[in-house]
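Engineer: Please read through the structure below; I'll follow up with questions.
The values are calculated or read from the model by the stated rules, or taken from the named source; none is laboratory data. None of the values given here were measured: they were computed from a predicted structure. Note that each Cβ is placed from the backbone with ideal geometry, even for glycine, and that neighbours are counted across all protein chains shown.
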Amino acid sequence: MKSFGNEGWTLQHYADVMSDTLLWGVFVSTFVLALEVTIICAVIAYPLAYAVLRMSARTQKLVLLLMLMPLWTSVLVRAYSWIVLLGRQGIVNNALLGIGIVPEPLQILYGRFAVALGLVHLLIPFVFFPLFAVMRRFDGRLLAAAGSLGANPVVAFLLVFLPLTLPGLFSGSLIVFLHGIGYFVTPAILGGLKEVTYVMLIEEQVNNLFNWEHAAVMAVILLVATLIIVLVCARSLGLIEGGKNSSPKPARAFVLLLRAVGIVQARLGARPSRMGKHSVMHFTGVASDLMGKTFAVLTLLFLLTPIFILLPLSFSASPFLRFPPSDWSLRWYETYLSRPDWTGPTFTSLQVACVSALLVTTLGLAAAVGVTRSPSRLAQFALALMLSPAMIPTLIIAVALYFQMSAIGLAGSKAGLVIAHLVIGLPIVVLILIGGLRNADQRPEMAARSLGASPTRAFMKTTFVMIRPSIIAAGLFAFLASFDDVTVALFISGTSAVTLPVKMWESVRLELDPTLAAVSSVLVLLSIALLSMSELAKRLGRKADSSQG
């Protein structure tokens, strides 16, 4: 409603935005950037997921745990780490100068390349996990059947494996594309003034120019574009029924193309081959596994090095960011713990995160129970509404919440932050708890109710105990989503409820002293602790299930 003006309805603000050629240029550039990032992430994630699939069970668990680590690490911390790596006095330039490859530091930071690199680093896991989930459910007997019919490994891969794993690739790519459009922190920090994205213009309209109407119009345009993309992709992937034949047309065309390529290769001389220990195929498979493991190691180094590179920098005695540190000291940790302008936002973040995690986990549990046990179609509609914030750029949610909180007087308050974090934390909590409830055995609860226990008591004594690991994991995710939030807090916090990410944001934009490295290291260690707690809860849950079985 704000987009139509404050005093009476008018379309003038829409006309002004629609006629702004500079804005539309940035709009198109942002979508192109998101597409480039999506393609790169897909190209990296597909062979990575395939390589992990071929690993032993123990190695798989280790790799999956390491792949989870970036998702549990602050977006702001990862953006800051790229400043340390790519700056003119950063680690990459110092290494190139030391080797003698370049005569002077390269301008890597503050441009499209740095933004794309930072976004790829952020978003690879969002393609990897849907892909790996689909690949893990693949029936390996189909490949054996293809081999028995004369298909070599390449043809079998193109005809059988790739088409059946395309849904995971497309769904993960859609998530990455939507995030690439709507991410604010990474482009704002790594792009500087050279690479401006559409969401950065919206933030400028609100926080710098105070032009709420233009910001609202721009947010509406982005929202409509996002919804169109989601609906088109959902229909193409067969997620939305479309008449009698609801098969995904683009996906079907792509599959037909791959099959044509496979048939051509098969006719060029594919014969049934024995997979003996000393066959060419055996050595090809060994080489493929070695290449896959090497690729996985390189990808993990790319994902984890920017995170852990901050740990040694936080112990530097130098007032400047220098790697490796010339001397060691705890002065920056002392600075962090002794300055009220750092400790105050830290306590605010902890308070808001604890309260919002408790509330959103409670609400999410009630919602998950209602969705999984209600036969009504309204339950699925309610689920779609609860999950919608995950498919909408966070900046749009931030702008909408800012307008609402300002109208009711909660902008700049901790209560406003808690309510805002309920909105952004609910989707992941509901998804985790729905998964836990669907995997839980309902027969003990039914037996308890048949013996006279009330529905609430029966649920708490049986199902609640079984899904306790999922509840703990959901609560930890909700805590981290609140504690790590920058975008929404920038709009809601004001000056009276500054959170730690907002304080870090201001420091990254205004100064780059090693105190940031110390704070970032604390957040990395916090992420490791939360991830460990989540995994421990899952293990305890599995042990409890096995002991009951």
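Engineer: Mind telling me which of the residues R449, R438 ends up being in contact (Cβ under 8 Å) with a residue 40 or more places away in the chain and either part of a helix (DSSP H, G or I) or surrounded by fewer than 21 Cβ atoms within 10 Å (Cβ to Cβ) (or both)?
Structural biologist: The conditions single out R438.
Engineer: I've got another one for you. Any residue at all in the range 481-498 that's part of a helix (DSSP H, G or I) and free of Cβ contacts under 8 Å to residues at least 24 places away in the same chain?
Structural biologist: Scanning the range 481-498, I find no residue that is part of a helix (DSSP H, G or I) and free of Cβ contacts under 8 Å to residues at least 24 places away in the same chain, so the answer is no.
Engineer: Look through E203, E213 and report the one residue that is crowded, with 19+ Cβ neighbours inside 10 Å, more than 15 Å from the chain's Cα centre (by Cα), part of a helix (DSSP H, G or I) and at pLDDT below 85.
Structural biologist: E213
Engineer: Quick check: is even one residue across the range 342-362 more than 19 Å from the chain's Cα centre (by Cα), of a type outside the set (F, W, Y) and not in a helix (DSSP H, G or I)?
Structural biologist: No, there is no match, as no residue in the range 342-362 is more than 19 Å from the chain's Cα centre (by Cα), of a type outside the set (F, W, Y) and not in a helix (DSSP H, G or I).
Engineer: Moving to a separate point now. If you check P501, P469, which single one turns out to be in a helix (DSSP H, G or I) and either at pLDDT 90 or above or under 26 Å from F320 (Cα atoms) (or both)?
Structural biologist: Step by step, each of P501, P469 is checked, and only P501 is in a helix (DSSP H, G or I) and either at pLDDT 90 or above or under 26 Å from F320 (Cα atoms) (or both).
Engineer: Here's a follow-up. Tell me which residues, restricted to the range 14-40, are among the aromatic types (F, W, Y) and touching a Gly at 6+ places or on another chain (Cβ under 6 Å).
Structural biologist: none
Engineer: Which residue, of A518, A473, A489, A478, is touching a Ser or Thr at 6+ places or on another chain (Cβ under 8 Å) and farther than 18 Å from A357 by Cβ?
Structural biologist: A518
Engineer: Filter the range 452-464 down to the residues that are outside any loop (DSSP other than H, G, I, E, B) and surrounded by fewer than 16 Cβ atoms within 10 Å (Cβ to Cβ) and list them by number.
Structural biologist: Answer for the range 452-464, where residues must be outside any loop (DSSP other than H, G, I, E, B) and surrounded by fewer than 16 Cβ atoms within 10 Å (Cβ to Cβ): P455, T456, R457, M460, K461.
Engineer: Can you find a residue in the range 110-128 that is assigned to a loop (DSSP other than H, G, I, E, B) and modelled with pLDDT of 85 or more?
Structural biologist: So far as the range 110-128 goes, yes, one or more of its residues are assigned to a loop (DSSP other than H, G, I, E, B) and modelled with pLDDT of 85 or more.
Engineer: Residues to consider are L383, L378, L395, L387; find the one that is more than 30 Å from V519 (Cβ to Cβ), modelled with pLDDT under 90 and buried (at least 20 other Cβ atoms within 10 Å of the Cβ).
Structural biologist: That would be L383, the only listed residue that is more than 30 Å from V519 (Cβ to Cβ), modelled with pLDDT under 90 and buried (at least 20 other Cβ atoms within 10 Å of the Cβ).
Engineer: Same structure again: Condition first: closer than 29 Å to F479 by Cβ and exposed (fewer than 14 other Cβ atoms within 10 Å of the Cβ). Now tell me which residues in the range 20-61 satisfy that.
Structural biologist: Answer for the range 20-61, where residues must be closer than 29 Å to F479 by Cβ and exposed (fewer than 14 other Cβ atoms within 10 Å of the Cβ): just K61.
Engineer: Out of (1) assigned to a helix (DSSP H, G or I); (2) touching a strand residue (DSSP E or B) at 6+ places or on another chain (Cβ under 7 Å); (3) not acidic (D, E), what's the single condition that is false for R322?
Structural biologist: Here R322 meets the rest and fails (1).
Engineer: Still on this structure: Quick one: how many residues across the range 51-73 are in a helix (DSSP H, G or I) and under 27 Å from V115 (Cα atoms)?
Structural biologist: Within the range 51-73, residues that are in a helix (DSSP H, G or I) and under 27 Å from V115 (Cα atoms) number 9.
Engineer: Do you know which of the residues in the range 504-521 that are more than 21 Å from the chain's Cα centre (by Cα), assigned to a helix (DSSP H, G or I) and touching a residue at least 40 places away in the same chain (Cβ under 8 Å) is surrounded by the fewest Cβ atoms within 10 Å (Cβ to Cβ)?
Structural biologist: Among residues in the range 504-521 that are more than 21 Å from the chain's Cα centre (by Cα), assigned to a helix (DSSP H, G or I) and touching a residue at least 40 places away in the same chain (Cβ under 8 Å), the one surrounded by the fewest Cβ atoms within 10 Å (Cβ to Cβ) is R509.
Engineer: Something else now. Return only the number of the condition from (1) farther than 30 Å from S173 by Cα; (2) in contact (Cβ under 8 Å) with a residue 24 or more places away in the chain that W328 does not satisfy.
Structural biologist: Against the list (1) farther than 30 Å from S173 by Cα; (2) in contact (Cβ under 8 Å) with a residue 24 or more places away in the chain, W328 comes up short only on (2).
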